[in-house]
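Written below as structure tokens is the structure these notes are about.
The values are calculated or read from the model by the stated rules, or taken from the named source; none is laboratory data. Not measured: the values here are computed from a predicted model. Please note: Cβ atoms are built from the backbone with ideal geometry, for glycine as well, and neighbour counts cover all protein chains shown.
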Amino acid sequence: MAIAHHHSSTQPVGTLLREWRERRRLSQLDLALRADSSSRHISYVETGRSQPSREMVLRLAEHLDVPMRERNRLLLAAGFAPVYTETALDAPPLRAIRGALQQVLTGHEPYPAVVVDRHWNLIEANRSLSVLTDGVDPALLTPPVNVYRASLHPAGLAPRIVNRGEWRGHLLARLRRQVDASGDVTLARLLEEVRGYGCDQPVPEVDLPGPGQFVVPLRLRVGDGELAFFSTVSTFGTPLDITVAELVIEAFYPADDATAAALARRHSAR
């Protein structure tokens with residue numbers, strides 16, 4: 001039986017390091033200065049004339065801001081064992097992490113909050129998320145739920161978003177930055193897919209503030225009224241496990257007093 005490998009697993013470590021350096025738009029000299037090396041040594045490593053030590057691979061990966069999952073790939077390509085674990089979220093060692101996530105989600109009510117993985121698949125949500133998922137096609141809410149798909153698909157949240165051109169532009173720009181930074185093939189496919197969804201409003205290429213606007217708001221039609229949100233994105237500080245490093249918490253906040261009051265009423269009516 002043939003086994004499909006990630007394309008990078010068969011590439012030499014030097015080629016992979018060069019790809020990461022180019023993705024970060026650094027010259028060999030830039031990287032050498034950061035990593036306390038010489039541009040000649042970086043050149044030798046990239047061309048395969050010199051085999052980097054385990055420490056050198058880790059040092060270059062650190063200065064190139066390579067994600068943990070990809071650092072393991074670099075180590076394997078250089079002939080070393082991976083150093084970062086990938087623990088299942090429901091495994092006992094991550095009980096404290098799960099407890100923290102639960103605390104953040106519950107503590108954020110009556111406002112919506114979600115936990116997603118590196119591909120924006122939903123892992124956990126609080127009960128207040130229902131204000132965003134009401135009316136979304138159940139097929140889009142069948143696990144694994146992808147929040148980009150559920151937000152921008154014509155059968156998803158999109159028809160209820162008053163400023164859908166603006167919000168779509170904001171989400172696509174965020175996803176595009178992630179694809180550029182990570183080189184993740186799955187994220188690139190997701191970007192292509194959601195870009196293909198129709199939108200009947202102009203989509204700005206760049207987020208530009210309107211009068212008195214500090215962040216791009218999500219304006220949502222609810223019944224005959226409108227709710228307005230802004231969101232923050234958080235990650236765990238100094239993670240040493242791939243699963244933990246890739247967790248993202250997105251929390252939505254009311255952008256005006258009327259939205260805050262409406263969400264409080266909705267919460268107390270439960």
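Overview of results
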{"item": "The range 60-103, residues that are more than 26 Å from Ile123 (Cα to Cα) and in a loop (DSSP other than H, G, I, E, B)", "result": "Leu64, Ala78, Gly79, Phe80, Ala81"}
{"item": "Matching residues in the range 135-149 - criterion: being assigned to a helix (DSSP H, G or I) and either in contact (Cβ under 8 Å) with a residue 24 or more places away in the chain or of a type in the set (D, E, K, R) (or both)", "result": "Val147, Tyr148, Arg149"}
{"item": "Lone qualifier among Leu129, Leu152, Leu171 - being crowded, with 17+ Cβ neighbours inside 10 Å, among the hydrophobic types (A, V, I, L, M, F, W, C) and at pLDDT below 95", "result": "Leu171"}
{"item": "Test result for Val222, in contact with a helix residue (DSSP H, G or I) (Cβ under 6 Å, 6 or more places away or on another chain), closer than 24 Å to Ala155 by Cα and β-branched (Val, Ile, Thr)", "result": "no"}
{"item": "Hits in the range 244-270 - residues which are hydroxyl-bearing (Ser, Thr, Tyr) and either at pLDDT 95 or above or under 22 Å from Val115 (Cα atoms) (or both)", "result": "Tyr253, Thr259"}
{"item": "Residue within the range 165-177 that is in contact with a helix residue (DSSP H, G or I) (Cβ under 9 Å, 6 or more places away or on another chain), farther than 25 Å from Phe236 by Cα and not acidic (Asp, Glu) present", "result": "yes"}
{"item": "Qualifying positions in the range 229-266 - surrounded by fewer than 16 Cβ atoms within 10 Å (Cβ to Cβ) and in contact with a helix residue (DSSP H, G or I) (Cβ under 7 Å, 6 or more places away or on another chain)", "result": "Pro239, Arg266"}
{"item": "Any strands (runs of 3 or more DSSP E) falling wholly within the range 166-270 and containing at least 1 residues that are of a type outside the set (Phe, Trp, Tyr) and farther than 19 Å from Val131 by Cβ", "result": "225-234, 248-254"}
{"item": "Members of the range 107-126 found to be outside any loop (DSSP other than H, G, I, E, B) and under 13 Å from Phe252 (Cα atoms), listed by number", "result": "Gly107, His108, Ala113, Val114, Val115, Ala125"}
{"item": "Scan of the range 214-236 for residues that are in contact with a Lys or Arg (Cβ under 9 Å, 6 or more places away or on another chain) and of a type in the set (Gly, Ala, Ser), ordered by number", "result": "Ala228"}
{"item": "Residue among Val203, Val222, Val162 that alone is in contact with a strand residue (DSSP E or B) (Cβ under 6 Å, 6 or more places away or on another chain) and surrounded by fewer than 18 Cβ atoms within 10 Å (Cβ to Cβ)", "result": "Val162"}
{"item": "Unmet criterion (only one of (1) part of a loop (DSSP other than H, G, I, E, B); (2) β-branched (Val, Ile, Thr); (3) surrounded by 19 or more Cβ atoms within 10 Å (Cβ to Cβ)) for Val57", "result": "(1)"}
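Residue-wise test of (1) in contact (Cβ under 8 Å) with a residue 40 or more places away in the chain; (2) within 21 Å of the chain's Cα centre (by Cα); (3) outside the structural domain of Gln178 (by TED's automatic domain parsing).
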position: Gly14; (1), (2), (3): no, no, yes
position: Leu17; (1), (2), (3): yes, no, yes
position: Ala32; (1), (2), (3): no, no, yes
position: Tyr44; (1), (2), (3): no, no, yes
position: Pro52; (1), (2), (3): no, no, yes
position: Asp65; (1), (2), (3): yes, yes, yes
position: Arg73; (1), (2), (3): yes, yes, yes
position: Val104; (1), (2), (3): yes, yes, no
